[in-house]
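Undergrad: I am attaching a structure below and will ask some questions about it afterwards.
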Amino acid sequence: MPRRKRARGRVRRILRWLVILAVSGLLGLLAYGWLRQHPEDTPWAPLDLAQPIGMFTGRKLVPLGNDFPRCRALLDRAGIEYTALAEVREGARCGYADGVRFAADDPRITPFTPGRLGLACPVAAALALWQWEVVQPAAERHFRMRVTAIEHLGSYNCRRLYGRSSGDFSQHATADAVDISGFRLADGRRITLVGDWPKKGPEAAFLRDVRDGACRVFATVLSPDYNAAHRDHLHFDQADRGTMGWRSCR
């Protein structure tokens, strides 16, 4: 009798493990199928600007700072019209060799004002995704219309953080940052960080939505919630802090 019980126990354990293996295999197949349909959410899939923003999109954009040809190829594949800028060198710590400027008449890119904005290529790629996937959908939700222009305070600026005389250099010193100050809507309205962030209503909600969405494609996003120095703009940059480096969204 004990021998029969032991045999039945072994059979039950084997059956239990077979069920576990079958369920695990089924879940694995389902996960594999889902990931094939959502490459933007996998760390190993190549970056494609035509894909929606996924969990790893931001981390895939940052390394483009070390591969200008690949970054340009991504812009080309996405149908973005741009001009590659001449290399700039200013002292030992300032300058860039991967600058681009969006074409003024590219229908896919919302115009920036002032015009002729030069940016490091990874910042430009992130801005394109941000416009398509964050800014325009947020404008449609809150205002039932599109953004027709994005106002900025510039990108390249050979300076240290906060304009100090010592300390680390800003990401602006390599054109790896841009400061966004406001938006113009199709009906002519202006929405600005300095004027509308402190208020309530759709303008303030829109600004927070575009800030939060930027955190998915930029390594650093700083807003008026961070400190008084950012009361009038959103700071976006692509600081390279390594493959699993920390990201900042404030």
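What follows is calculated from the coordinates using simple rules that are stated; it is not laboratory data. Quick caveat: nothing in here was measured; it's all calculated off a predicted structure. Counting neighbours? That spans all protein chains shown, and the Cβs are built from the backbone with ideal geometry, glycine included.
Undergrad: Build a GNM of the chain with springs between Cα atoms under 10 Å: which of 221, 88, 100 gets the top mean-square fluctuation?
TA: 88
Undergrad: With only alpha-carbon atoms in the gyration tensor, what are the semi-axes of the equivalent ellipsoid for segment 140-250, in Å, largest first? Working shown, then result.
TA: Working: eigenvalues 138, 45, 33 Å².
Here the semi-axes work out to 26, 15, 13 Å.
Undergrad: Can you run the Rg to Rh ratio on segment 206-250? Use alpha carbon positions and the Kirkwood inverse-distance Rh. Before the final figure, lay out the partial values.
TA: On the way: Rg = 10.6 Å, Rh = 10.8 Å.
The Rg/Rh ratio comes out at 0.98.
Undergrad: For the chain, what does -39500 (n - 2.57) per DSSP helix run (n ≥ 4), summed and divided by total residues, give at 222 nm, in deg cm²/dmol to the nearest 500?
TA: On the way: 7 runs with 86 residues, N = 250.
Rounded to the nearest 500, the figure is -10500 deg cm²/dmol.
Undergrad: Using only alpha carbon pairs under 8 Å that are at least six residues apart, calculate the relative contact order of segment 47-249 and give it in whole percent.
TA: Working: 394 pairs, mean separation 41.3, N = 203.
Computed over segment 47-249, the figure is 20 percent.
Undergrad: If the rule is a partner Cβ under 4.7 Å, which cysteines in the chain fail it?
TA: Cys with no partner Cβ under 4.7 Å: none.
Undergrad: A further question on this structure: Once the Cα gyration tensor of segment 98-156 is found, what semi-axes does its equivalent ellipsoid get, as square roots of 5 times the eigenvalues, in whole Å, sorted largest first? Mind showing how you got there, number by number?
TA: On the way: eigenvalues 88, 28, 20 Å².
Equivalent ellipsoid semi-axes, largest first: 21, 12, 10 Å.
Undergrad: Step by step: find N for the chain, compute 2.2 N^0.38 Å, then divide the Cα radius of gyration by it. What's the final number? Show your work: numbers first, answer last.
TA: Details: Rg = 23.8 Å, N = 250, 2.2 N^0.38 = 17.9 Å.
It is 1.33.
Undergrad: In nm, to one decimal, how far is the modelled label at residue 88 from the one at residue 113, with both set 7 Å along Cα→Cβ?
TA: Distance between the two pseudo-spin positions: 2.3 nm.
Undergrad: Counting DSSP beta bridges with both partners in the chain, what percentage is antiparallel, nearest 5?
TA: Details: 25 of 29 bridges.
Of all bridge pairs located within the chain, approximately 85 percent are antiparallel.
Undergrad: Moving on. Divide, for segment 85-210, the radius of gyration over alpha carbons by 2.2 N^0.38 Å, where N is the residue count.
TA: Values: Rg = 15.8 Å, N = 126, 2.2 N^0.38 = 13.8 Å.
In units of the 2.2 N^0.38 Å rule of thumb, it is 1.15.
Undergrad: Report, in cubic angstrom per residue, the convex hull volume of the C-alpha atoms of segment 70-134.
TA: Details: hull volume 6.2 nm³, N = 65.
Value for segment 70-134: 95 Å³ per residue.
Undergrad: Now for a separate question. Helix 202-214: angle to the longest alpha-carbon principal axis of the chain, degrees 0 to 90, nearest 10?
TA: On a 0 to 90 degree scale, this one is about 60.
Undergrad: Sticking with this one: Taking the 0 to 90 degree range and rounding to the nearest ten, how far is the long axis of helix 68-77 tilted relative to the main principal axis of the chain, both from C-alpha atoms?
TA: It works out to around 80 degrees.
Undergrad: Can I ask one more? Along segment 145-154, what does the Karplus equation 6.51 cos²θ - 1.76 cosθ + 1.60 (θ = phi - 60°) give for ³J(HN,Hα), rounded to whole Hz, x for Gly and Pro?
TA: Computed from phi, the couplings for segment 145-154 are 7, 9, 7, 9, 7, 10, 8, 9, 10, x Hz.
Undergrad: Can you give me the three principal axis dimensions of segment 126-182 from its C-alpha atoms, in Å, biggest first?
TA: For segment 126-182, the Cα spread along each principal axis is 46, 17, 14 Å.
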